[in-house]
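Notes for the one structure printed next.
The values are calculated or read from the model by the stated rules, or taken from the named source; none is laboratory data. What you are looking at is a predicted structure, and each value in this text was computed from that prediction instead of being measured. Cβ placement follows ideal geometry from the backbone for every residue including glycine, while neighbour counts extend to all protein chains displayed.
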Amino acid sequence: MATITPITTTPSSSSNEPLKKNKKQCLGWIEWLRGWFHLFYEFLFQRIMASHLHNPMPLPPINDLTCIVTGSTSGIGLEIARQLAESGAHVVMAVRNTKRANELIQKWQTESAGLVDLLSLDSVAKFAEAWNARAAPLHVLINNAGIFSIGEPQKFSKDGYEEHMQVNHLAPALLSILLLPSLIRGSPSRIVNVNSIMHHVGFVDSEDMNVTSGKRKFSSMVGYSSSKLAQVMFSSVLFKRLPAEAGISVLCASPGIVQTNVIIPDFCYNVGSRSTLFAATDPQISEYCELLKSDEWPVCAYISHDCRPANPSEEAHNLQTSFEVWEKTLEMIGLPSDSVDRFLEGEEVKCRYGQEQQ
């Protein structure tokens, strides 16, 4: 089992409020080159860097945990759900393909499956409403589902948002906020967002989240990397907004660069699932997140593919943009700006999607 050791990089700011400065229009050349260096370095050395890990990842006792895993009928999400179920956790598979999920439920004896289409924010809101109505505790939410439509033209969801941004960021953000009542009941609990090393080459303009203004030319690479950076930024502000007494840890985990055409897919997914499983179950994670909060670290905890703490990109430390992304995201997913505070106080919060949440 890997162990947690703090990262030592000095934070860019200790303030919980964004710094006022001129708005960036894109990544600088140095930041861009540094981001690509991170990608190539991980591509070349990730197996060496993670050679200390066991395969499969041994998990601590988790019989009492209830976990929701999105996108859990294929790929890394399937492997995450399988290992959690086989280790005794109650796994809720939040998926689009319920037939496939029910087949896996019979095989693994997981708790249940729920229909969630991340291309429909209404579907996300209704799933959260149904789960909260159980008044049952939720211990781990794993936002795993994501898309990378390599080489495809720009597409939009029926909600009007660029598909990478909606599936990889907006839908998980909505689900995380709406499930806060259940996560509070399950405290200590965790929100684990499956991220990507590619956020290092991402850039987010809060005024152009759909990349339609013409300031930047859209490509699948731009859509994917931007959505993953937005996820880190939103997670970091949520991490700040949740008081320590709420007992909810918020972190991102990178599965590494998964190349199914180079190595056997099952082995690939098994290896790719390790950082997320570690983030979801390791007993030191909560303490580590509390340490970052007490040190006023500007970003949320980030676990690399080798199950060690890592520092997100330099742009992820941009507090001004992070708070702008936070506000814009809440607007896009139909939640009031004070929704987190109101959920923490046990109040009702109206969402534009689905029905009234409590």
Query - Neighbours by Cβ (under 6 Å, 6+ apart or cross-chain): first from the stretch 44-65, within 30 Å of S182 (Cβ to Cβ); second among the basic types (K, R) - result: M57/R274
Query raised in the report: Out of all the residues in the stretch 186-243, which are over 20 Å from I30 (Cβ atoms), charged (D, E, K, R) and surrounded by fewer than 24 Cβ atoms within 10 Å (Cβ to Cβ)?
Result: E207, D208, K215, K217, K240, R241
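Residue-wise test of (1) assigned to a loop (DSSP other than H, G, I, E, B); (2) closer than 20 Å to Q320 by Cβ; (3) within 18 Å of the chain's Cα centre (by Cα); (4) β-branched (V, I, T).
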site	(1), (2), (3), (4)
M221	no, no, no, no
S235	no, yes, yes, no
K240	no, yes, yes, no
E245	no, no, no, no
G256	yes, no, yes, no
Query raised in the report: When residues of the stretch 145-182 are filtered for being at pLDDT 95 or above and within 20 Å of the chain's Cα centre (by Cα), how many remain?
Result: 23
Requested in this report: State which residue pairs qualify: first residue in contact (Cβ under 8 Å) with a residue 40 or more places away in the chain and buried (at least 19 other Cβ atoms within 10 Å of the Cβ) and inside the stretch 299-328, second residue assigned to a helix (DSSP H, G or I) and among the β-branched types (V, I, T) in any location, beta carbons under 6 Å apart, and separation of 6 or more residues or different chains.
Outcome: P312/V232; A316/V232; S322/V237; W326/V237
Report task. Would you confirm whether any residue within the stretch 18-30 is at pLDDT 70 or above and buried (at least 17 other Cβ atoms within 10 Å of the Cβ)? Result -> yes
Query raised in the report: Taking the stretch 42-54, which residues are exposed (fewer than 12 other Cβ atoms within 10 Å of the Cβ) and in contact with a helix residue (DSSP H, G or I) (Cβ under 9 Å, 6 or more places away or on another chain)?
Result: H54
